[in-house]
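A.B. asks: Take a look at the following structure, please.
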Amino acid sequence: MRSLHRGLRPRLMAAFLLLTLLGAVAAAGASYATARNLLLEDAQNGFMNPLVDDVRSYATRLRVPPTQQDLDDFQSSLRSPTVVVFGDLRSRNGPDPRATPAELREAMKSSKTIIWQRRTDAVEPSVIIGIPLLRADGTATGVEVWAWGNLGGPQRAIDSFATAAWVGVSLVLPLALGLALFTARGVLRPVRRLGTAARALGSGRLDTRVDERGSDELSDLARTFNRAAAQLEASQAASRRFVADVSHELRTPLTAMSAVTAVLDEDADSLPEDTAVAARLVSSETRKLTRLVNDLMEISRFDEGRNLLELDEWDISTAVRDSLAARGWTSSVEASLPDGITGRVDRRRLDVIVANLVGNALKHGGAPVRVAVRPGVIEVSDHGPGIPADALPHIFDRFYKADTARARSEGSGLGLAIAWENARLHGGSIEAANAPSGGAVFTLRLPW
């Protein structure tokens with residue numbers, strides 16, 4: 001599940017943080033734009049409306065065409081920084097009208113309404129307003145009033161608001177991070193439980209189930225998982241019963257067949273050559289079938305939990321030495337069996353483990369095969385080609401054979417699986433590895 005932590009959780013948190021950040025930035029940006037427009041518009045109206053009222057109030061007293069004095073008097077009556085222009089004449093006081101953008105002056109020549117433009121290219125922003133004076137019939141008199149209003153105060157207020165908005169966005173991030181962690185944990189908790197259950201199911205614990213709380217998609221997935229696990233458990237139980245029943249039914253006729261083939265083996269030398277070959281072949285295949293049936297029955301007992309330990313205190317080296325001697329392997333195996341290493345084990349099951357590990361090394365490894373006993377450990381090694389890397393994870397699987405060319409070998413394909421089950425029943429384990437110098441090494445560890 002570590003991949004889950006490296007992948008899904010960071011993606012969920014990143015997505016949540018990104019959405020939160022985008023939402024906060026969008027909200028702050030929209031608030032900033034709205035506040036900016038409102039502040040600038042309010043400041044502009046506060047400057048422009050009194051000016052328009054003053055211009056309209058004085059316009060009724062202005063003679064057209066005006067004299068220089070008329071323009072000066074008009075300008076002095078206005079409260080804002082203004083200049084009054086008529087053709088080439090302008091009031092003596094007020095800003096230079098040439099500071100007005102040319103396009104704005106050109107637009108005033110044909111305009112009958114107030115025109116304005118905000119400027120942000122100076123040290124402080126400002127607004128330029130142009131007001132044409134019209135006759136009663138709506139025609140232009142040619143008199144123009146230009147005014148400059150400072151927007152520095154509103155702009156500073158806008159900048160302060162922007163700073164506050166970005167500070168607010170930065171404060172949202174820790175809160176968003178906390179919410180993202182809480183949300184990711186809530187989403188991933190059932191996923192994590194499903195992952196743990198799936199690994200348990202894959203390791204053979206078919207009674208594994210997950211909690212089905214809730215009614216969301218993850219709960220549906222949990223229910224689907226439980227149904228699949230139940231069906232798999234039922235299917236495997238049926239398969240085990242079938243194997244156990246078939247093995248049991250085969251055992252009786254095989255016993256009779258073994259007795260007959262034993263007689264044939266004894267009389268084979270007196271039979272015609274072709275008949276003797278056939279008799280020996282039948283005898284060999286019967287032994288293989290008998291071993292397979294016995295192994296299947298042993299595996300079935302493990303699956304059903306009917307195998308029990310009969311523990312007693314034994315000298316481990318003596319037990320291993322007896323196992324080798326019983327099979328005539330004493331001269332074929334190099335043994336390091338120091339006395340005085342004892343342990344509480346099931347002698348019969350220890351014999352099965354040693355026989356399967358040593359027999360596997362003799363058949364598929366290379367000489368010399370060595371057995372070494374140490375406190376808590378029995379190690380079986382050979383000097384053969386070793387175990388292929390892709391076969392190591394499956395070496396104790398039932399019916400697994402690393403070399404497909406050995407599909408018709410004498411073994412049942414269950415020997416290492418039975419050895420592993422017996423080690424597990426003792427509370428121990430068997431590890432398979434390749435030695436650096438070549439060959440395979442099987443290490444049995446038991447809690448002696």
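A.B. asks: Do the sum for the chain: with -39,500 (n - 2.57) for every DSSP H run of n ≥ 4, divided by all residues, what is the mean residue ellipticity at 222 nm, to the nearest 500 deg cm²/dmol?
C.D. replies: Estimated from H runs of four or more residues: -20000 deg cm²/dmol.
A.B. asks: Just for region 292-422, what percent of DSSP beta bridges are antiparallel, to the closest 5?
C.D. replies: Antiparallel bridges make up about 70 percent of those DSSP assigns within region 292-422.
A.B. asks: Residue-wise, which Karplus ³J(HN,Hα) couplings in Hz belong to region 328-345, taking 6.51 cos²θ - 1.76 cosθ + 1.60, θ = phi - 60°, and x for glycine or proline?
C.D. replies: x, 9, 4, 7, 9, 10, 8, 10, 10, 10, x, 7, x, 9, 10, x, 8, 9
A.B. asks: Would you mind telling me the antiparallel percentage of the DSSP bridges in the chain, rounded to 5?
C.D. replies: 90 percent
A.B. asks: Moving on to the next point. Using the number of other C-beta atoms within 10 angstrom as an exposure proxy, rank Ser111, Ser247 with the fewest first. Could the numbers behind the result be given before it?
C.D. replies: Details: Ser111 15, Ser247 19.
Final ranking by Cβ density, sparse to dense: Ser111, Ser247.
A.B. asks: Same structure again: May I ask for the angle, rounded to the nearest 10°, between helix 415-425 and the longest principal axis of the chain, with both axes built from Cα atoms and the value confined to 0 to 90°?
C.D. replies: With both axes taken from Cα atoms, the answer is about 70 degrees.
A.B. asks: Taking the Cα centre of region 217-304 as origin, sum charge times position over the Cβ atoms of Lys and Arg (+1) and Asp and Glu (-1), and report the length of that vector in debye to the nearest 20.
C.D. replies: 420 debye
A.B. asks: Sticking with this structure for a sec: Under 23 Å from the Cα of Lys363, which lysines turn up, not counting those fewer than eight places away in the same chain?
C.D. replies: Within reach: Lys288, Lys401.
A.B. asks: Using only the alpha-carbon atoms, how far is helix 316-326 inclined from the longest principal axis of the chain? Give it as 0 to 90 degrees, nearest 10.
C.D. replies: That works out to roughly 60 degrees.
A.B. asks: Here's something else I'd like to know. Å³ per residue of the Cα convex hull, for region 312-445?
C.D. replies: Values: hull volume 13.6 nm³, N = 134.
Spread over its residues, the Cα hull of region 312-445 gives 101 Å³ apiece.
A.B. asks: Sticking with this structure for a sec: Around Ala435, with a cut-off of 12 angstrom between Cβ atoms, what is the net charge of the other residues, counting Lys and Arg +1 and Asp and Glu -1?
C.D. replies: Net local charge, Ala435 excluded: -1.
A.B. asks: Please report, in debye to the nearest 20, how large the charge dipole of the chain is about its Cα centre when each Lys and Arg carries +1 at its beta carbon and each Asp and Glu carries -1 there.
C.D. replies: 1460 debye
A.B. asks: Right, next: Helix 273-304 sits at what angle to the longest principal axis of the chain, using alpha carbons and giving 0 to 90 degrees rounded to 10?
C.D. replies: Relative to the chain, helix 273-304 is tipped by roughly 50 degrees.
A.B. asks: Sort out for me the Cα centre separation of region 289-324 from region 326-392, rounded to whole Å.
C.D. replies: 15 Å
A.B. asks: Determine which aspartates and glutamates satisfy two conditions relative to Lys109: a Cα distance under 16 Å, and not lying fewer than 8 residues away in the same chain.
C.D. replies: Asp88, Glu144
A.B. asks: Sort Glu379, Glu310 by Cβ crowding within 10 Å, fewest neighbours at the top. Please report the intermediate quantities before stating the final value.
C.D. replies: Details: Glu379 17, Glu310 9.
The fewest-first ordering by Cβ neighbours comes to Glu310, Glu379.
A.B. asks: Turning to a different aspect of this structure: Provide the packing ranking of 344-357, 92-105, i.e. peptides ordered by the mean count of other C-beta atoms within 10 Å per residue, highest first.
C.D. replies: So the peptides 344-357, 92-105, ranked by packing, come out 344-357, 92-105.
A.B. asks: Putting +1 on Lys and Arg Cβ atoms and -1 on Asp and Glu Cβ atoms, find which of Ala256, Leu271, Phe225 reaches farthest to the positive end of the dipole of region 217-304.
C.D. replies: Of the candidates, Phe225 comes out farthest on the positive side.
A.B. asks: Next up: With only Lys, Arg, Asp and Glu charged, each at its Cβ (+1 for the first two, -1 for the last two), find how big the charge dipole of region 267-339 is about the Cα centre; round to the nearest 20 debye.
C.D. replies: Result for region 267-339 is approximately 240 debye, rounded to the nearest 20.
No value in this document is a laboratory result; all are computed from the given coordinates. Since the structure is predicted, the reported quantities are computational estimates derived from the model, not experimental observations. Neighbour counts are summed over all protein chains in view; Cβ atoms, including those assigned to glycine, are modelled from backbone coordinates with ideal geometry.
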